[in-house]
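K.L.:
Starting off with a structure, shown below.
Nothing in this text is a laboratory measurement; each read-out follows from the coordinates by a stated rule. All values derive from a computational prediction rather than experimental measurement. Because the Cβ atoms are built from the backbone with ideal geometry, glycine has one as well, and the counts that use them run over all protein chains shown.
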Amino acid sequence: ALVSAAEMLKNAREGKYAVGAFNTNNLEWTKAILQGAQEANAPVMIQTSMGAAKYMGGYQVCVHLVEDLIESMGITVPVALHLDHGEYEDALRCIELGYTSVMYDGSHLPFDENIELAKEVVAKAHAKGVSVECEVGSIGGEEDGVIGSGELADPNECKQMADTGIDFLAAGIGNIHGAYPENWAGLSFETLGKIADITEGIPLVLHGGSGIPLEQIQKAISLGVSKINVNTECQEVFAAATRKYIEEGKDLEGKGFDPRKLLAPGTQAVVDLVKQRIEWFGSTNKA
Ligand code: G3H
Ligand code: ZN
């Protein structure tokens, strides 16, 4: 069964590792993420952006899909289904429909408004045992139409947000959605350290996990990062493996037009990446 992410991230924070939060888009990715986590014996978060959930047929479809796959695939590791970068209404809807974790992202709003709405989401979510993530500052780049300025989070604002009762906190620390530019300055560990000090043990979330070098990932975990979001890298390996399969003409052999065959190499590439990132994050065998 699906579980809230509160407990798994608390354990991660205390155990100094991070749980991988992988974005899904369809049946194949959802199976790949579950399989990767099961093979790694790791707790995992499957997350949908608002756009991906819409693409998949809506939030209720996502809930049923993940619940039924956990059952039919015999998944025994803890799995949380999480709304990624949700607007207020979407967060409430996911809480109603059976998501076990939601991100309410009010980082584009005036800070006071972000705090007020965060409190409302927390009250509604916690009444149903659902965990809550909120964001302060801004993640750079763009994801699924959500555009961020990349502004570093203010540690005092992080403290105020942590005090609303949210379960984990996303803060802008120089991280960027999508590919990192050549001249990227790296994560701001100074900002991250200040945020960790002032927020007293709340699990921290690192967005834009794709393309961050392993040493920076490890340092971020040592400073309190307990959830790492990965989306773009899954898309890259899926696309590359699918392209290779087709360019090699494999789709033309026998019943190559069978969609189950066409999608298999990309799906396996996502399984492999999920396992490798879980290893990087230190959550292998932490189920
Ligand atoms: O919210 C999702 C993540 O922050 C994904 O970022 O596409 O750079 O891995 P990424
Ligand atoms: Zn993000």
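K.L.:
Tell me the angle of helix 27-40 to the major Cα principal axis of the chain, expressed in degrees between 0 and 90 and rounded to the nearest ten.
P.N.:
Orientation of helix 27-40: about 70 degrees from the principal axis.
K.L.:
Separate question: Size of the dipole of region 106-191 about the Cα centre, Lys and Arg at +1 and Asp and Glu at -1 on the beta carbon, nothing else charged, in debye to 20?
P.N.:
Computed charge dipole of region 106-191: roughly 320 debye.
K.L.:
Projected onto the charge dipole of the chain (+1 at Lys/Arg Cβ, -1 at Asp/Glu Cβ, origin at the Cα centre), which of G51, N156, Q235 gives the Cα projection farthest towards the positive end?
P.N.:
Projecting each Cα onto the dipole axis, the largest value belongs to Q235.
K.L.:
Which peptide among 10-20, 57-67 comes first, and what is the full order, when sorted by highest mean count of other Cβ atoms within 10 Å?
P.N.:
The most tightly packed comes first, giving 10-20, 57-67.
K.L.:
Right, next: Excluding residues on the same chain fewer than 8 positions from K16, give the aspartates and glutamates whose Cα lies under 16 Å from its Cα.
P.N.:
E7, D197, E200, E215, E279
K.L.:
Rounded to the nearest 20 debye, what is the charge dipole size of the chain about its Cα centre when +1 sits on each Lys and Arg Cβ and -1 on each Asp and Glu Cβ?
P.N.:
Dipole about the Cα centre, nearest 20: 880 debye.
K.L.:
Over the chain, with a Gaussian network built from C-alpha contacts below 10 Å, which listed residue (F238, F257, F189) shows the highest mean-square fluctuation?
P.N.:
F257
K.L.:
Let me ask something else about it. So who's got an amide H within less than 5 Å of the one on T100, skipping anything under 5 residues away but keeping other chains? H placed 1.01 Å off N, in plane.
P.N.:
The list, which skips near neighbours in sequence, is L81.
K.L.:
Moving on to the next point. Ordered by residue, what ³J(HN,Hα) values in Hz, to whole numbers, does region 262-271 give under the Karplus form 6.51 cos²θ - 1.76 cosθ + 1.60, where θ = phi - 60° and Gly and Pro are x?
P.N.:
Those phi angles translate into 4, 8, 5, x, x, 4, 5, 4, 5, 4 Hz.
K.L.:
To continue, here is another question. Per the Cauchy relation, a quarter of the hull surface: what is the mean projected area of the convex hull of the alpha carbons in region 6-281, in nm²?
P.N.:
14.2 nm²
K.L.:
Quick one: work out the % antiparallel among DSSP beta bridges in region 6-281, nearest 5.
P.N.:
Here the antiparallel bridges make up roughly 10 percent for region 6-281.
K.L.:
Excluding residues on the same chain fewer than 8 positions from K119, give the lysines whose Cα lies under 16 Å from its Cα.
P.N.:
Within reach: K128, K159.
K.L.:
Given the rule -39500 (n - 2.57) for each run of at least 4 DSSP H residues, summed and divided by the residues of the chain, what is its mean residue ellipticity at 222 nm, to the nearest 500 deg cm²/dmol?
P.N.:
-14500 deg cm²/dmol
K.L.:
Determine the alpha carbon to alpha carbon distance for each of K219/K244; K194/K227; K194/K219; K124/K286; K31/K261 and list only those over 26 Å.
P.N.:
K219/K244; K124/K286
K.L.:
Something else now. If the convex hull of the alpha-carbon atoms of region 159-287 is projected onto planes in all directions, what is the mean projected area in square nanometres?
P.N.:
Projected over every direction and averaged, the Cα hull of region 159-287 covers 10.3 nm².
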